[in-house]
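Report on one structure; see the data block that follows.
None of the figures in this text is laboratory data; all of them are computed from the coordinates on show. Note that the structure is a prediction, hence the values are computed from the model and not measured. Positions of Cβ are backbone-derived with ideal geometry, glycine not excepted, and every protein chain shown enters the neighbour counts.
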Amino acid sequence: MSSTPHAIWLDADPGHDDALALLLALHSPALRLLGVSSVSGNAAGLSTWHNAAKLLAAFGASAEQVPLLRGCDVPLMRTPKAAPSIHGEDGLGGVKGLPELSSPSVQSHLKRTSDGPAPLALVSHLTSLLRTRVEAGEEPLSIVATGPMTNIALLLRMAPSELLLKGVKQIVLMGGNPGVSGNISPAAEFNFLVDPEAARIVCDSPLPVIMAGLNVTHQAIWTRPLHAQLLSLGASPVRDVVSSAMEFFAAAYASQMGFASGPPVHDFLCVAYLLDASLFAPPTPSAANGQADEEAKRYRVEVQTSEGHNLGATVVAFHDQWPIEHEGWAAGGRNVRVLEHLDTERLWPLLFAAIERAEARVASNVSS
Ligand SMILES: [Ca+2]
């Protein structure tokens, strides 16, 4: 692994599990978070923007280090659809210990404004960020998308394709339901159903796309023993945010989705993948020739955008039932690397380590 931290951009709709993804993105030495953008999804666009600002402040990030940009308040073609029964009305229901919206630390993250529409300013910011990095010969960055894909689809449609191909290594997204039932509808996962056209644009793009869908995120259950371990380590501002978030999330998943063992940490897996893709390697030996596959497999994937029961569903050609028209990543090829396996035991130390680093950062901010 290179000693230079890998640059990432996080696009999110916080969101309890988005909060965990942000925590890991901020406090992993192997990653460098270049910025965050918010999108409507779990709650309205104003709420997810505010939530991102509160979380950045709570986790010790300064607005200079990690700029926050507001993105789209509505999907490309549809009316917004939120998830109040899972995330509360404001998207971070039940979360304790966050700074007030009016506090200087939160306001510092919200002060960035633009003359024109926010999504346009976001695309412009990302485009110039990519151009600067490409011209300086820096490594391509990874985009992490843990909300509906609206902002990222706009970027893909508006930025020069050559710049995207040079500047973006991959898009790691939480969304879709390869081979399993949906959650927001019988056929579809929430992020993809909220903006299915955007999800399709992202999956069909010529950039590598890594999909953490419900098939794998439902393997990452925050169980009671893990929660007890978190509480046993004592109280701190960061720990209060995480523990209260997971308590609310656990209760919501138990009552709304019948998850008795605990809630899945969905979005967290995208950042975990960037830290250690081997967490998602197929078990050994997996292939017919006895050789272990080191990476999750690529498949031809199509997001359904026709009206009806299948809107937003992900159809995955696990057995190449559709012809593979080219070797690239775009539509018609094996356009998505689908995460299927997870070494759950090795996942949780990443979170506990990030919590410790966040606590240290927050403590040093307070004392300085
Ligand atoms: Ca999310």
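Okay, residues lined up against (1) of a type in the set (G, A, S); (2) surrounded by 22 or more Cβ atoms within 10 Å (Cβ to Cβ); (3) in contact with a helix residue (DSSP H, G or I) (Cβ under 8 Å, 6 or more places away or on another chain):
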| position | (1), (2), (3) |
| --- | --- |
| F59 | no, yes, yes |
| G71 | yes, yes, yes |
| P75 | no, yes, yes |
| P80 | no, no, yes |
| L110 | no, no, yes |
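Any idea which of E340, E325, E295, E302 is within 24 Å of A198 (Cβ to Cβ), surrounded by fewer than 17 Cβ atoms within 10 Å (Cβ to Cβ) and not aromatic (F, W, Y)? Spell out the reasoning first.
Working: E340 fails: surrounded by fewer than 17 Cβ atoms within 10 Å (Cβ to Cβ); E295 fails: within 24 Å of A198 (Cβ to Cβ); E302 fails: surrounded by fewer than 17 Cβ atoms within 10 Å (Cβ to Cβ).
One residue alone meets the criteria, E325.
Filter segment 11-70 down to residues that are charged (D, E, K, R) and either within 22 Å of A121 (Cα to Cα) or in contact with a strand residue (DSSP E or B) (Cβ under 6 Å, 6 or more places away or on another chain) (or both) and give me whichever is farthest from the ligand (Cβ to nearest atom). Before the answer, list the steps.
From segment 11-70, those charged (D, E, K, R) are 11, 13, 17-18, 32, 54, 64, 70; that's our starting set.
Okay, now just the ones that are also either within 22 Å of A121 (Cα to Cα) or in contact with a strand residue (DSSP E or B) (Cβ under 6 Å, 6 or more places away or on another chain) (or both), so 11, 13, 18, 32, 54, 64, 70.
Numbers: D11: 10, D13: 5, D18: 4, R32: 21, K54: 15, E64: 25, R70: 16 Å.
Selected residue: E64.
Which count do you get for residues in segment 245-277 that are more than 16 Å from the ligand (Cβ to nearest atom), more than 24 Å from R32 (Cβ to Cβ), surrounded by 17 or more Cβ atoms within 10 Å (Cβ to Cβ) and not aromatic (F, W, Y)?
Adding up the residues that qualify gives 3.
Quick check on segment 115-134. Is at least one of its residues among the basic types (K, R), farther than 20 Å from A7 by Cβ and either out of contact with any helix residue (DSSP H, G or I) (no Cβ under 6 Å at 6 or more places or on another chain) or surrounded by 17 or more Cβ atoms within 10 Å (Cβ to Cβ) (or both)?
Scanning segment 115-134, I find no residue that is among the basic types (K, R), farther than 20 Å from A7 by Cβ and either out of contact with any helix residue (DSSP H, G or I) (no Cβ under 6 Å at 6 or more places or on another chain) or surrounded by 17 or more Cβ atoms within 10 Å (Cβ to Cβ) (or both), so the answer is no.
Within segment 173-196, restricting attention to residues that are small (G, A, S) and more than 16 Å from E302 (Cβ to Cβ), which residue is farthest from the ligand (Cβ to nearest atom)?
The residue in question is S181.
Does G332 qualify as being touching a residue at least 12 places away in the same chain (Cβ under 8 Å) and either in a strand (DSSP E or B) or farther than 30 Å from Q229 by Cβ (or both)?
So G332 fits the description; yes.
Quick one: how many residues across segment 113-152 are in a helix (DSSP H, G or I), more than 16 Å from the ligand (Cβ to nearest atom) and touching a residue at least 40 places away in the same chain (Cβ under 8 Å)?
Qualifying residue count, segment 113-152: 8.
Only one of these conditions is not met by R157: (1) surrounded by 21 or more Cβ atoms within 10 Å (Cβ to Cβ); (2) part of a helix (DSSP H, G or I); (3) not hydrophobic (A, V, I, L, M, F, W, C). Which number is it?
(1)
If we keep just the residues of segment 197-219 that are closer than 16 Å to F259 by Cα and among the aliphatic types (A, V, I, L, M), which is nearest to the ligand (Cβ to nearest atom)?
Kept after step one, since they are closer than 16 Å to F259 by Cα, are these residues of segment 197-219: 214-219.
If we keep only those that are among the aliphatic types (A, V, I, L, M) as well, we get 214, 216.
Numbers: L214: 13, V216: 15 Å.
Per the criteria, the residue is L214.
Among the residues of segment 83-133, write down those that are acidic (D, E) and within 30 Å of V366 (Cβ to Cβ).
Answer for segment 83-133, where residues must be acidic (D, E) and within 30 Å of V366 (Cβ to Cβ): D90, E100.
Just wondering, is there one or more residues in segment 84-106 that are hydrophobic (A, V, I, L, M, F, W, C), surrounded by 17 or more Cβ atoms within 10 Å (Cβ to Cβ), touching a strand residue (DSSP E or B) at 6+ places or on another chain (Cβ under 9 Å) and in a helix (DSSP H, G or I)?
No, every residue in segment 84-106 fails to be hydrophobic (A, V, I, L, M, F, W, C), surrounded by 17 or more Cβ atoms within 10 Å (Cβ to Cβ), touching a strand residue (DSSP E or B) at 6+ places or on another chain (Cβ under 9 Å) and in a helix (DSSP H, G or I).
Does segment 182-225 hold any residues that are farther than 21 Å from I143 by Cβ and of a type outside the set (A, V, I, L, M, F, W, C), and which are they?
Those that are farther than 21 Å from I143 by Cβ and of a type outside the set (A, V, I, L, M, F, W, C): G182, N183, S185, P186, N215, H218, Q219, T223, R224, P225.
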